[in-house]
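The values are calculated or read from the model by the stated rules, or taken from the named source; none is laboratory data. Quick caveat, the model's predicted, so the values are computed rather than measured. Note that we place each Cβ from the backbone using ideal geometry, even for glycine, and neighbour counts take in every protein chain shown. Ligands, DNA and RNA are stripped out before the accessible areas are found, and what is left, the full protein with its side chains, is counted by its heavy atoms. Shrake-Rupley method; radii C 1.70, N 1.55, O 1.52, S 1.80 Å.
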Amino acid sequence: MKNSHKLFVLIFLLGLLCISCKPTKIVTKEKAPNFILILTDDQGWNGTSVQMMDEELRSKSDYHQTPNVEALANRGMRFSSAYASAPVCSPSRYGIQFGQTPARLKMIRVGMNTNHINHQTPFTIPKLLKKIDPNYKTAHYGKWGIDVDPSELGYDESDGITGNKEGGFNYRSNKTQWKNTISEDPKKIFSTTQKAIDFIERQAKLETPFFVQVSHYAVHADLMMRKKTLDKYKEKEKGKYQNHPGFAVMTEDLDTGVGLLLDRVKELGLEGDTYIIYTSDNGAVPVMPPRRFYKEGSNFPLSRGKWDAMEGGIRVPFIIAGPKIKPGIESKTPITFSDLLPSIVDLAGYKIPLKEYLDGGSFKNILTQDGKGKVDRFSEGFIFHVPYKNGIALKRPHSVIIKDEFKLIKFYDNDERMLFNIKNDIGEKINLAPSLSTKLKE
């Protein structure tokens, strides 16, 4: 009996030893995602060959060809109700970097003094990404449109303080802006793309997470394009609403540059860890060349275009592809540029509430829920503030509030108010202000 007891104790101790020797599960930190933000200039909601809205055939171009952007959309999500922060470039670019509306920033037009803006704020995309993970490397190439060097916002690399003139825009001559100029590097499409590729290759080699914004000078005037692309369009039938060959050719050259970038990301094996966003800083000019009076412009079925907060000026193409995003999906959830900062840092793992500092909210949950859901923001709806006259546009200072499917426009010259249901009336043709007084007051 004594020996039996000893044997039992021995077996028991051996069992404990085996339990203690059981391998411990190693919890590895999830790899920090990469981000590529491709921002085009003056490209309308229907400026590509991607149909942004499933039930609206006219939400894609009837003339332009963008096969590489189509490929991105096929493996990503389209937001059919995406809004730039403003109908002109600089305020929109501020909205992206700071996550705030131009109205809050008091930055409402190109070329205005911005000394009142705190450019040293800790709440920018690069600074917050580095707070999440100090290993993040950040870069900006192409058109900047902000009044301080990108390094002040936290960028490690950049082209500096650049604007339209660096992309070949001639401020002094309206005669050249809409004439075709042949170039092998039109609007610096290919040199800007190559800088981004070089940056990405370096980070891939070092296995470093990165954020790079590629801000193209195209498709802003002056028109520039490659000769071989122009020759292709000489035989191509023009569209009913988009029919400027030079603009169409420049659009396809831009798409070729996008394709070079997408192909390199795939070759480097980074697609599985990288979010790629494609959008435009504002809508296209209403007609080409611009003029004040016309019937149906290049942004049709949207009304008007760049310079106005009508749908044609602020609704833009928006595509995002990346990890866990179901391909080929349209999301009808309204988003705006001030949502970009909170969404990017949320995807990167930032959990500290930012609501009080930002006007935007994160659309991360939309990406994993088949495009459905709402964005939680500091306040409901979107605000656009265009309190100045523009010789080409409406010539009427105005502000806009968009909340759910309703859009209110207030004009300051005579206090006129217009109310549209932009879900049912995307062209803003039926003014509901006289018949929906309660909704107007709301």
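Below, the figures for the structure above:
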read-out: Residue in the range 377-388 that is touching a residue at least 60 places away in the same chain (Cβ under 8 Å), over 20 Å from the mean Cα position of the chain (by Cα) and under 18 Å from Ala82 (Cβ atoms) present; value: no
read-out: Those residues of the range 206-238 which are within 24 Å of Thr274 (Cα to Cα) and of a type in the set (Phe, Trp, Tyr), in sequence order; value: Phe210, Phe211, Tyr217
read-out: Pick from the range 93-125, criterion touching a Pro at 6+ places or on another chain (Cβ under 8 Å) and part of a helix (DSSP H, G or I), ranking: surrounded by the most Cβ atoms within 10 Å (Cβ to Cβ); value: Gly95
read-out: Conditions (1) among the acidic types (Asp, Glu); (2) in a loop (DSSP other than H, G, I, E, B); (3) surrounded by fewer than 22 Cβ atoms within 10 Å (Cβ to Cβ); number of the one not met by Glu356; value: (2)
read-out: Boolean, Gln203 is touching a residue at least 40 places away in the same chain (Cβ under 8 Å), part of a loop (DSSP other than H, G, I, E, B), open to solvent by less than 60 Å² (accessible area, probe 1.4 Å) and over 21 Å from Lys165 (Cβ atoms); value: no
read-out: Index of the failed condition, Glu428 passing every other in (1) open to solvent by less than 20 Å² (accessible area, probe 1.4 Å); (2) in contact with a helix residue (DSSP H, G or I) (Cβ under 7 Å, 6 or more places away or on another chain); (3) within 15 Å of Ala82 (Cα to Cα); value: (3)
read-out: The range 431-442, subset hydroxyl-bearing (Ser, Thr, Tyr) and under 16 Å from Ile401 (Cα atoms), residue surrounded by the most Cβ atoms within 10 Å (Cβ to Cβ); value: Ser437
read-out: Complete set of residues in the range 306-344 that are on the phi > 0 side of the Ramachandran plot and out of contact with any strand residue (DSSP E or B) (no Cβ under 9 Å at 6 or more places or on another chain); value: Lys324
read-out: Residue in the range 70-82 that is touching a Ser or Thr at 6+ places or on another chain (Cβ under 9 Å), at pLDDT 75 or above, in a loop (DSSP other than H, G, I, E, B) and open to solvent by less than 10 Å² (accessible area, probe 1.4 Å) present; value: yes
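Matching residues to (1) under 13 Å from Gly371 (Cβ atoms); (2) without any contact (Cβ under 8 Å) to a residue 12 or more places away in the chain; (3) more than 11 Å from the chain's Cα centre (by Cα):
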{"position": "Pro323", "(1), (2), (3)": "no, no, yes"}
{"position": "Lys326", "(1), (2), (3)": "yes, no, yes"}
{"position": "Ile329", "(1), (2), (3)": "yes, no, yes"}
{"position": "Lys332", "(1), (2), (3)": "yes, no, yes"}
{"position": "Leu341", "(1), (2), (3)": "no, no, no"}
{"position": "Val345", "(1), (2), (3)": "no, no, yes"}
{"position": "Lys351", "(1), (2), (3)": "no, yes, yes"}
{"position": "Glu356", "(1), (2), (3)": "no, no, yes"}
